[in-house]
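The values are calculated or read from the model by the stated rules, or taken from the named source; none is laboratory data. Worth saying up front: this structure is predicted, and the values here are computed from it rather than measured. Cβ sites come from the backbone with ideal geometry, for glycine too, and all protein chains shown count toward neighbours. Note: areas computed on protein heavy atoms with side chains; ligands, DNA, RNA excluded. Shrake-Rupley method; radii C 1.70, N 1.55, O 1.52, S 1.80 Å.
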Amino acid sequence: MIGREESAAAEIFPELTRDVIARMDQAESARLRDVMEIVIRHLHAIVREAMITQGEWAQAIDFLTRAGKMCSESRQELILLSDILGISMLVDAVYNGAGPGITDSTVLGPFYAGQQRELAQGDSILLREETGEPLVMSGRVTDPEGQPVADALIEVWQTAPNQLYDVQDKDQPEGHLRASFRTDAAGLYRFQTILPVSYPIPDDGPAGQLLAAMGRHPFRPAHVHFMISAPGFRTLVTHLFFEGDQYLESDAVFGVKRSLVVRPELDAGTNTVKYHFGLVRELQPGSRPPSFVAAGNKT
């Protein structure tokens, strides 16, 4: 039942919301108009229901301004904010469906740094010696029916044992613990790395301040990032998490799915993980029209 205060709040200046929505009737993109109508209705409803004051709204604007100023080529504070609020995972759930023969996806995260050097099967992604335990990762990439996907591009990246990605740490070689590989004719991949470690997301900015204010920790469980792409298939963005990590049940960005948790096994004294990835076929071109105006997009 709606409380008396909520009911009263809903009556505050309703014509303003209708007017803002009506002024979009000439929008060039129907999808943009539809999405923005929903955004406006919900934002206005938040202001009414929470009875937001001018001071609180000024704080919100200042928060977003500071978040924007924290962004750079090596750091994306707005992705962090999206991640810690669960929005990134919700968008992932809405857009990416799983099913038989298809691997679960998860968040991209703020530290993808573009396609890296392409290595041969079995090569190491390290550019310097590390203290972490050696790990060999291998498996297959297949279509939903289990047939191999040859020449799929596999991009991988992870943190160093000091809990930092190369883009956060000036002492790491650029591209350290990052690489690209191609599957062979049988859809197989294989590379060498080290066991990943759990780490805190950057909490020295607005997103971290919000986390602390909400009484939450900033840690992510140990994982290796994967991005797998091939013509005719939707790009798979996912992680492989490691069994036994203390943060599996409280990932700061809600990215853990049980199907993505692996347990290394010893093979000739070396930690090994074998994991098969299943790709979903891409939707027909044009079935999802562009909805927003991006940088450089005049339409």
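Here is how the numbers come out for the structure above:
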| read-out | value |
| --- | --- |
| Qualifying residue in the range 154-164 (condition: farther than 17 Å from S74 by Cβ and among the small types (G, A, S)) | no |
| Close pairs (6 angstrom Cβ cut-off, 6 or more residues apart or separate chains): modelled with pLDDT under 95 in the range 52-79, part of a loop (DSSP other than H, G, I, E, B) and open to solvent by 80 Å² or more (accessible area, probe 1.4 Å) anywhere | none |
| T159 vs. criteria in contact (Cβ under 8 Å) with a residue 60 or more places away in the chain and either assigned to a loop (DSSP other than H, G, I, E, B) or surrounded by 16 or more Cβ atoms within 10 Å (Cβ to Cβ) (or both) | no |
| Test for D166: is it modelled with pLDDT of 95 or more, acidic (D, E), touching a Gly at 6+ places or on another chain (Cβ under 8 Å) and surrounded by 15 or more Cβ atoms within 10 Å (Cβ to Cβ) | yes |
| Members of the range 84-123 that are in contact with a strand residue (DSSP E or B) (Cβ under 7 Å, 6 or more places away or on another chain) and either of a type in the set (K, R) or over 24 Å from V261 (Cβ atoms) (or both) | A113, Q115, Q116, R117, E118, L119, Q121, G122, D123 |
| Count of residues meeting criterion [touching a helix residue (DSSP H, G or I) at 6+ places or on another chain (Cβ under 7 Å) and either of a type in the set (F, W, Y) or surrounded by fewer than 11 Cβ atoms within 10 Å (Cβ to Cβ) (or both)] in the range 31-67 | 1 |
| Where D92 falls short, out of the listed (1) within 25 Å of F254 (Cβ to Cβ); (2) open to solvent by 60 Å² or more (accessible area, probe 1.4 Å); (3) among the acidic types (D, E) | (2) |
